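> To start, I am sharing the structure in question, which I have written as structure tokens.
The values are calculated or read from the model by the stated rules, or taken from the named source; none is laboratory data. What you are looking at is a predicted structure, and each value in this text was computed from that prediction instead of being measured. FYI the Cβ positions are ideal-geometry reconstructions off the backbone, even for glycines, and counts take in every protein chain you see.
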Amino acid sequence: MFNETLDIKIPDGKVTFHQGFFNLEESHRLMQSLIKTIEWTQDEVVVYGKRHKIPRLNAWYGDDGKVMKYSGLTLEPKQWTKELIEIKSRIEKVTGTNFNSCLLNYYRDGKDGMGWHQDNEKELGKNPIIASVTFGEARPFQLKHISNKKLKKVDIPLSNGSLLIMAGETQHHWKHQIPKTTKQIGERINLTFRTII
Ligand SMILES: O=C(O)CCC(=O)C(=O)O
Ligand SMILES: [Mn+2]
């Protein structure tokens, strides 16, 4: 694994990808501690009046009062752990942003995933900077433009120890997803650091 920064050239958005942002030793250590120390839950959402468990484990950490609202859920943040503070400081240095919250997702295997969405909740402000850290199995992160159907889907393999930064107007014009797969694959943890206003 090598450290490399790539500017992903997309219209109407700004996406930067740092491969090997955390080295192998750090990535392994951080993944193992996150598995143990994070209070993972599997939330339920209500779609057309039916309750569904979301296909992954998740957790919400952050500064006091920075609640997260999605699909009718309101999540109170848990208090930052030592590992989360370590990861947050590292990415704040490169992004020049202070993050006050973090959504964690634990994809246990290929049956876990996340459907097409935008991170455009009004609590995130107009053009949010979202810093996404991955540990474990690499999964394709796909982006599709919302109005311009001529643009091809963008596929970025989010590898172990990588950091992806979405900024500018990305959340207005693009949706993103982590597709499920029938392949036998290992587990993956993703952390998206955000600033809730
Ligand atoms: O797991 C990922 O890489 C994507 C996570 C994501 O889109 C989110 O937490 O909003
Ligand atoms: Mn997202």
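> Does Thr81 fit the bill of being modelled with pLDDT of 95 or more, more than 14 Å from the chain's Cα centre (by Cα) and of a type in the set (Ser, Thr, Tyr)?
Judged against the criteria, Thr81 is a match.
> Another question, if that's okay. Within region 166-190, restricting attention to residues that are touching a Ser or Thr at 6+ places or on another chain (Cβ under 9 Å) and under 19 Å from Asn127 (Cα atoms), which residue is surrounded by the most Cβ atoms within 10 Å (Cβ to Cβ)?
Met166
> Among the residues of region 116-135, is any away from ligand 2 (no atom under 16 Å from the Cβ), surrounded by fewer than 20 Cβ atoms within 10 Å (Cβ to Cβ) and either outside any loop (DSSP other than H, G, I, E, B) or of a type in the set (A, V, I, L, M, F, W, C) (or both)?
Within region 116-135, none of the residues are away from ligand 2 (no atom under 16 Å from the Cβ), surrounded by fewer than 20 Cβ atoms within 10 Å (Cβ to Cβ) and either outside any loop (DSSP other than H, G, I, E, B) or of a type in the set (A, V, I, L, M, F, W, C) (or both).
> Listed residues His145, His172; which is within 16 Å of ligand 2 (Cβ to nearest atom), out of contact with any strand residue (DSSP E or B) (no Cβ under 8 Å at 6 or more places or on another chain) and closer than 21 Å to Asp12 by Cα?
Result of the check over His145, His172: His172.
> If you scan region 14-71, which residues turn out to be part of a helix (DSSP H, G or I), in contact (Cβ under 8 Å) with a residue 24 or more places away in the chain and among the acidic types (Asp, Glu)?
Glu26
> So, in region 84-115, of the ones that are among the acidic types (Asp, Glu) and either within 13 Å of ligand 1 (Cβ to nearest atom) or part of a helix (DSSP H, G or I) (or both), which residue ends up farthest from the chain's Cα centre (by Cα)?
Looking at the filtered set, the residue picked out is Glu86.
> Oh, and also: Mind checking which pairs have a first residue in region 118-137 that is under 24 Å from Leu34 (Cβ atoms) and away from ligand 1 (no atom under 13 Å from the Cβ) and a second that is of a type outside the set (S, T, N, Q) and part of a strand (DSSP E or B), Cβ under 6 Å, 6 or more apart or different chains?
Between residues of region 118-137 that are under 24 Å from Leu34 (Cβ atoms) and away from ligand 1 (no atom under 13 Å from the Cβ) and residues that are of a type outside the set (S, T, N, Q) and part of a strand (DSSP E or B), the close pairs are Ile129/Ala167.
> Can you list residue pairs whose Cβ atoms sit under 8 Å apart, with the first residue in region 177-195 being more than 12 Å from Arg139 (Cα to Cα) and more than 9 Å from ligand 1 (Cβ to nearest atom) and the second being outside any strand (DSSP E or B) and among the aromatic types (Phe, Trp, Tyr)? Count only pairs 6 or more apart in sequence or on different chains.
Listed pairs, sorted by first residue: Phe193/Phe99; Thr195/Phe99.
> Checking the conditions here, which among Leu163, Leu151 is buried (at least 22 other Cβ atoms within 10 Å of the Cβ) and either more than 16 Å from ligand 2 (Cβ to nearest atom) or touching a residue at least 60 places away in the same chain (Cβ under 8 Å) (or both)?
Of Leu163, Leu151, the one residue that is buried (at least 22 other Cβ atoms within 10 Å of the Cβ) and either more than 16 Å from ligand 2 (Cβ to nearest atom) or touching a residue at least 60 places away in the same chain (Cβ under 8 Å) (or both) is Leu163.
> A follow-up question, please. Is it fair to say Asn148 is touching a Pro at 6+ places or on another chain (Cβ under 9 Å) and at pLDDT below 95?
When the stated conditions are applied, Asn148 does not pass them.
> If you don't mind, another one. Within region 53-74, count every residue that is among the hydroxyl-bearing types (Ser, Thr, Tyr) and crowded, with 19+ Cβ neighbours inside 10 Å.
Looking only at that region, the number is 1.
> Here's a follow-up. Return the residues of region 136-154 that are aliphatic (A, V, I, L, M) and in a loop (DSSP other than H, G, I, E, B); say none if nothing qualifies.
Listed by number, the residues that qualify are Ala138, Ile146, Leu151.
> Give the number of residues within region 51-75 that are at pLDDT 90 or above and either more than 19 Å from Glu121 (Cβ to Cβ) or not small (Gly, Ala, Ser) (or both).
14
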